[in-house]
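Q: Sharing a structure with you now.
The values are calculated or read from the model by the stated rules, or taken from the named source; none is laboratory data. Since we're looking at a predicted model, the values are computed, not measured. Here the Cβ positions follow ideal geometry from the backbone for every residue, glycine too, while neighbour counts run over all protein chains shown.
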Amino acid sequence: MDNTERKLKKLFDYQKFEKEPGLQELVDDVHGSLSGMRKLTDDELEYAAAGAARFSDSQLEKAGVNIKYVNGKKTYQATLSGGKSININENVAMGMYDCYNLSGGTKLTDAQLKDLIAQS
Amino acid sequence: MDVEKIYLEYHDKIFRYVREKVGLKEDAEDICSDIFLKLQKKLPEYNSNKAAMSTWVYTIARNTVIDFYRTRHDTDELSDELAGELASEYDTDSEIMDRETLSELAAALRKLTDEERAVIVLHYYDGLSLADIEKRTGLSYGQVKLRHNSGLKSMKKFLSDKPAKKGFHIVKT
């Protein structure tokens, strides 16, 4: 990584702390234009304010989450032991990574995944 | 400024920043407690001529997150730039770490094309690899790489045109 890249990463990391409004608007615009993001409902805002975790696609994939973009919208799937894929929501996807991380890198069994879905 | 005022002014910022870095809310809360203990301990040494308060608080927060992962020997989870800090204890970039520079960065980014801007934000803000960006944007890998290189060239010019401020340095914690 060269000096420019290093400084840029540092500035963006500082932005995660400082949340300068002009730059944050630009970042949000980029995210919004790519994901077809809609305006959040009050329930979703409350959830986000409570501190919902955000992980990168590669982190989620390590935990066994399959990520696809359908019409610009991010969708999540998990694969059961028999090879069948099931659709899951973002909470379950994040929960899969949390469990993967806590267990030191072990993916969920089918039973654990079903429990997680039931709880979400 | 006393630590209570720092808590009132910076608690939400610190918690939100740390929460983005760690998976579990409980870990984030523990790290925030550590940060405020460090701020309380180091406040008598704080010199406003050497670092803006926000930069100083941010640096302590960032280093505490790094220490958290280092203690768990979990450096795989760190983003590249934080992982780099494990090896380097001295940093001379604090002169560019202020709101004014962030505002100027936004202005510089607006001069890029939409695709260049998207690639730069996704790679350097979100930490996505170029391969992840390919999936996310629908651009080919070659196109992502081209947009990255051209966007980075503009960013290099922006950063090299920034005059250095004297006297600021990163606080070692």
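Q: Within segment B:7-21, take every residue that is of a type in the set (A, V, I, L, M) and either touching a Ser or Thr at 6+ places or on another chain (Cβ under 9 Å) or crowded, with 20+ Cβ neighbours inside 10 Å (or both) and give me the one that is nearest to A:Leu60 (Cα to Cα). Steps first, answer last, please.
A: Here is the first cut: in segment B:7-21, the ones of a type in the set (A, V, I, L, M) are B:8, B:14, B:18.
Remaining after also requiring either touching a Ser or Thr at 6+ places or on another chain (Cβ under 9 Å) or crowded, with 20+ Cβ neighbours inside 10 Å (or both): B:14, B:18.
On the way: B:Ile14: 25, B:Val18: 19 Å.
Of everything passing the filter in segment B:7-21, B:Val18 is nearest to A:Leu60 (Cα to Cα).
Q: From (1) at pLDDT 90 or above; (2) in contact with a helix residue (DSSP H, G or I) (Cβ under 6 Å, 6 or more places away or on another chain), pick out the condition that doesn't hold for A:Gly51.
A: (1)
Q: Would you pick out the residues in segment B:16-34 that are at the interface with chain A (Cβ under 8 Å from one of its Cβ atoms), farther than 14 Å from A:Glu18 by Cβ and part of a helix (DSSP H, G or I)?
A: The answer is B:Arg19, B:Lys25, B:Ala28.
Q: Quick one: how many residues across segment B:111-127 are part of a helix (DSSP H, G or I) and either farther than 14 Å from B:Lys145 by Cα or not basic (Lys, Arg) (or both)?
A: Count: 10.
Q: For segment B:2-15, how many residues are within 11 Å of chain A (Cβ to nearest Cβ) and among the hydroxyl-bearing types (Ser, Thr, Tyr)?
A: Here is the first cut: in segment B:2-15, the ones within 11 Å of chain A (Cβ to nearest Cβ) are B:10, B:12-15.
Applying the additional criterion that residues be among the hydroxyl-bearing types (Ser, Thr, Tyr) yields B:10.
So the count comes out to 1.
Q: Something else about it: Out of all the residues in segment B:88-106, is one or more touching a strand residue (DSSP E or B) at 6+ places or on another chain (Cβ under 8 Å) and modelled with pLDDT under 90?
A: no
Q: Any chance you could count how many residues in segment A:72-89 are more than 12 Å from chain B (Cβ to nearest Cβ) and either crowded, with 19+ Cβ neighbours inside 10 Å or in a loop (DSSP other than H, G, I, E, B) (or both)?
A: Residues flagged as more than 12 Å from chain B (Cβ to nearest Cβ) and either crowded, with 19+ Cβ neighbours inside 10 Å or in a loop (DSSP other than H, G, I, E, B) (or both) within segment A:72-89 amount to 9.
Q: Could I ask something else about it? For segment B:128-142, what are the residues that are in a helix (DSSP H, G or I) and either crowded, with 18+ Cβ neighbours inside 10 Å or touching a Phe, Trp or Tyr at 6+ places or on another chain (Cβ under 6 Å) (or both)?
A: Within segment B:128-142, B:Asp132, B:Ile133, B:Glu134, B:Arg136, B:Thr137 qualify.
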